[in-house]
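S.K.: The structure that follows is given in the form of structure tokens.
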Amino acid sequence: MGENAPGLEWCVVLPERDARRTTLGSKKPLATVLFSTADGPKERRPVPLAVGKALRSKLESKEVNPDSRAELLHVIRMLEETYCRSRIESLLNRRDYSEKELRERLTSDGYSRSAVERIVGGFVETGLVSDARYGELFVRSKVNAGWGQKKIEVELSRRGIDVSEVPGWPYEFFNPDDEFERALGIASARSFSGKDPYAKVVRFLAGRGFSYSVARDVASRLTKE
């Protein structure tokens, strides 16, 4: 530990380079802030890697010089919010995200739950993050990709969005009278040869989110033809 101010000792421990190579979907390696005061126990504070690097640089260059535990924690909190905000901006530059997706992504990066709620909430208030907008874009893209209503509902729910939040759901996107023809067109573009093609068609369309009644009707049509 290096002494940054009388009575306060600190250091920032970064993960080994090999530990930073993580598999997709796993939590990212974190930096650790170790600190103690003359009259207190040693403490460990995990922080996102970007925050740890910035904190080490600022403390070693004397850009910041906290002289108490409270001041050091304040510096950490300010850096965490800055980098959390920057991380959201970087993600949104690539594609739209639901609130739940952003919270899960930032939490896996190591940002504290309080920082995530505070920063994501600010983006929601300004309209930069909108579950309604995300849901509408998601629905339109998946309808064009040949998904049925049930599958879209399930996938939106996984992303933390109630379909009732999507403007015009479901009648603006689905016409019950057209579902058979839409499912027939999608299934007709594929081959279902081999044993029990009827069951294959039903499983395929059900997996796409079409109702079982529509899937069965299409399967009957195709196997008769």
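Throughout, read-outs are computed from the coordinates displayed, never taken from laboratory work. Nothing here was measured: the structure is a model prediction, and the numbers come from that model. Neighbour counts run over all protein chains shown; Cβ positions are idealised from the backbone, glycine included.
S.K.: Using volume of the Cα convex hull per residue in Å³ as the read-out, say which of (i) 167; (ii) 131; (iii) 120 was calculated from these coordinates.
M.R.: Matching the structure shown: (i).
S.K.: While we're here: How many lysine pairs in segment 131-224, separated by 8 or more positions in sequence or lying on different chains, have Cα atoms less than 22 Å apart?
M.R.: Details: Lys142/Lys150; Lys142/Lys151; Lys142/Lys200; Lys150/Lys200; Lys151/Lys200; Lys195/Lys224; Lys200/Lys224.
Lysine pairs meeting both conditions in segment 131-224 amount to 7.
S.K.: For segment 183-225, what D do you get in µm² per second when you plug the Kirkwood radius from alpha-carbon pairs into Stokes-Einstein at 4 °C and 1.567 mPa s? Don't jump to the answer; show the numbers that get you there.
M.R.: Values: Rh = 9.9 Å.
Here the translational diffusion coefficient equals 131 µm²/s.
S.K.: Using only the Cα atoms of segment 2-125, what are the Rg and Dmax in Å?
M.R.: Rg, Dmax (Cα atoms, Å): 15.5, 49.
S.K.: A follow-up question, please. So what is the relative contact order of the chain, in percent, for Cα pairs below 8 Å that sit 6 or more residues apart? Write down the numbers at each step before the final one.
M.R.: Numbers: 267 pairs, mean separation 30.6, N = 225.
Contact order relative to length: 14 percent.
S.K.: Length gain on complete extension for the stretch Arg221 to Lys151, per 0.36 nm per residue less the alpha carbon to alpha carbon distance? Could you put the intermediate results ahead of the total?
M.R.: Working: separation 70, 0.36 × 70 = 25.20 nm, distance 2.27 nm.
My answer for the length gained is 22.9 nm.
S.K.: For segment 170-225 and segment 80-123, what is the separation of their C-alpha centers, rounded to whole Å?
M.R.: 40
S.K.: With N set to the residue count of segment 131-224, report its C-alpha Rg divided by 2.2 N^0.38 Å to two decimal places.
M.R.: On the way: Rg = 14.1 Å, N = 94, 2.2 N^0.38 = 12.4 Å.
Working it through for segment 131-224, the quotient is 1.14.
S.K.: Could you pull out every one of the aspartates and glutamates with an alpha carbon less than 15 Å from that of Lys62, ignoring same-chain neighbours closer than 8 positions?
M.R.: Glu3, Glu9, Glu71
S.K.: Please list 40-50, 204-214, 59-69 highest first by mean number of surrounding beta-carbon atoms within 10 Å per residue. Let's see the in-between values first.
M.R.: Numbers: 40-50: 15.1, 204-214: 17.9, 59-69: 13.4.
Result, highest mean first: 204-214, 40-50, 59-69.
S.K.: Hey, if you put +1 on the Cβ of every Lys and Arg and -1 on every Asp and Glu Cβ in segment 131-224, which of Gly160, Ser220, Gly209 ends up farthest toward the positive end of that dipole?
M.R.: Ser220
S.K.: In debye, nearest 20, what is the charge dipole magnitude of segment 131-224 about its Cα centre with +1 on Lys and Arg Cβ and -1 on Asp and Glu Cβ, if you could check?
M.R.: Numbers: 16 positive and 13 negative charges, 132 e Å.
That gives segment 131-224 a dipole magnitude of about 640 debye.
S.K.: With +1 on the Cβ of every Lys and Arg and -1 on the Cβ of every Asp and Glu, and nothing else charged, how large is the dipole of the chain about its Cα centre, in debye rounded to the nearest 20?
M.R.: Working: 39 positive and 34 negative charges, 203 e Å.
Taking the Cα centre of the chain as origin, the dipole is about 980 debye.
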